[in-house]
Structures are given as C-alpha cells and as structure tokens.
Amino acid sequence: MKTVLTIATHGPACHEITREIAGWLRQVGAGEGVLTVFVRHTSCSLLIQENADPDVQRDLLGWLDRIAPPADHPSMAWLTHRAEGPDDMPVHLKAAVLPVSLSIPVVDGRMALGTWQGIYLVEHRHAPHRREVLVKFQAG
C-alpha cells in the first residue's frame, strides 16, 4: 500500500506530517509492518524530531544555516553551483546531511514513534514549492 502526500512549502521550515501519515495508516487498515517515507526532491529532507517545543525546529534551521549559509556569504565563495540563486548549492549541502528517507516500525496499525517524536519535511529552499512525499506500508 502506498500514497503520495503533496506538501506546499513557503521557504525554509519544518513541516510536521505525522498526522497525515497516521491518518493514512488508519485509512488503509495497517497492522504490523514497516512504513517507508521518501521525499522525491534533492533540496529538502525528512527528519524525525521533537514535536513538543517549536524552539527545536527553529534551532535546527538556524544550525543548518550556520553550516551552509547562502552562496553569496563570504565563507561560501568556493561554491560553483549557483544556477538557481544563492540558496541553490547550500540547500543541496543541507539535504546531504539530513535523510531523504525514513523507516518506521508499525505496531497495531500505529507508528512506533516515541512520545515527543514527529515526522517532518524540512524545506531548505527559499522559494515556494510543492513537495512529493511517497509513503509506503509493507505488512510483515
């Protein structure tokens, strides 16, 4: 069983998609198995992270900006890939350090996430995008 979620983004942010995925699992009557979540883009990522305090997401985005600032920042003068603007190569660097796929155990039809864990699409681009996230449940 699989589906594709479309997530509209409007600049760098962490978009929690846990509820959408949990709702789909209920809809398909999932039992025991493994859920695979995969984003079909090279300039955004997926992440399981704390969903109780929004400061966690803000700090995560701030950290990503520190390790990969825009290409027009003096420390990034070495970058050559700038075809789509100053965020082009830095977003690919950010996507290289965060996962683009997740595997999550499903027990009794529910994701076996911890109490404070949520699933996030992490948008790295500054321009609005429509992101496709493939979600697949494999009974097991």
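Is region 23-31 home to any residue that is over 12 Å from the mean Cα position of the chain (by Cα), crowded, with 16+ Cβ neighbours inside 10 Å and among the aliphatic types (A, V, I, L, M)?
Start the filter on region 23-31 by keeping residues that are over 12 Å from the mean Cα position of the chain (by Cα), which leaves 23-31.
Narrowing the set further to residues that are crowded, with 16+ Cβ neighbours inside 10 Å leaves 24-25, 30.
Now narrow it down to the ones that are among the aliphatic types (A, V, I, L, M): 25, 30.
Yes: region 23-31 contains one or more residues that are over 12 Å from the mean Cα position of the chain (by Cα), crowded, with 16+ Cβ neighbours inside 10 Å and among the aliphatic types (A, V, I, L, M).
What do you reckon, is Val107 under 23 Å from Val34 (Cβ atoms) and either touching a His at 6+ places or on another chain (Cβ under 9 Å) or among the β-branched types (Val, Ile, Thr) (or both)? Talk me through it step by step, then tell me what you get.
Values: under 23 Å from Val34 (Cβ atoms): yes; either touching a His at 6+ places or on another chain (Cβ under 9 Å) or among the β-branched types (Val, Ile, Thr) (or both): yes.
It is true that Val107 is under 23 Å from Val34 (Cβ atoms) and either touching a His at 6+ places or on another chain (Cβ under 9 Å) or among the β-branched types (Val, Ile, Thr) (or both).
Tell me which strands (runs of 3 or more DSSP E) are completely within region 1-87 and hold 2 or more residues being in contact with an Asp or Glu (Cβ under 8 Å, 6 or more places away or on another chain), or say none if there are none.
Passing ranges, in order: 2-10, 13-16.
Which condition from (1) aliphatic (A, V, I, L, M); (2) in contact (Cβ under 8 Å) with a residue 60 or more places away in the chain; (3) surrounded by fewer than 17 Cβ atoms within 10 Å (Cβ to Cβ) is the one that Ile119 breaks?
Every condition holds for Ile119 apart from (3).
May I ask you to say which residue of Thr42, Thr3, Thr18 is of a type in the set (Ser, Thr, Tyr), more than 15 Å from Tyr120 (Cβ to Cβ), modelled with pLDDT of 95 or more and surrounded by 14 or more Cβ atoms within 10 Å (Cβ to Cβ)?
Matching residue, one of Thr42, Thr3, Thr18: Thr3.
Does Arg58 satisfy being charged (D, E, K, R), within 19 Å of Pro128 (Cα to Cα) and surrounded by fewer than 16 Cβ atoms within 10 Å (Cβ to Cβ)?
yes
Given the options Ala52, Ala22, Ala71, name the one that is in contact with a Pro (Cβ under 6 Å, 6 or more places away or on another chain) and either acidic (Asp, Glu) or farther than 14 Å from Leu98 by Cα (or both).
That would be Ala71, the only listed residue that is in contact with a Pro (Cβ under 6 Å, 6 or more places away or on another chain) and either acidic (Asp, Glu) or farther than 14 Å from Leu98 by Cα (or both).
Condition test on Leu5, is it in contact with a helix residue (DSSP H, G or I) (Cβ under 6 Å, 6 or more places away or on another chain) and touching a residue at least 24 places away in the same chain (Cβ under 8 Å)?
yes
The values are calculated or read from the model by the stated rules, or taken from the named source; none is laboratory data. A quick note: this is a predicted structure, and the numbers were derived from the prediction, not measured. Please note: Cβ atoms are built from the backbone with ideal geometry, for glycine as well, and neighbour counts cover all protein chains shown.
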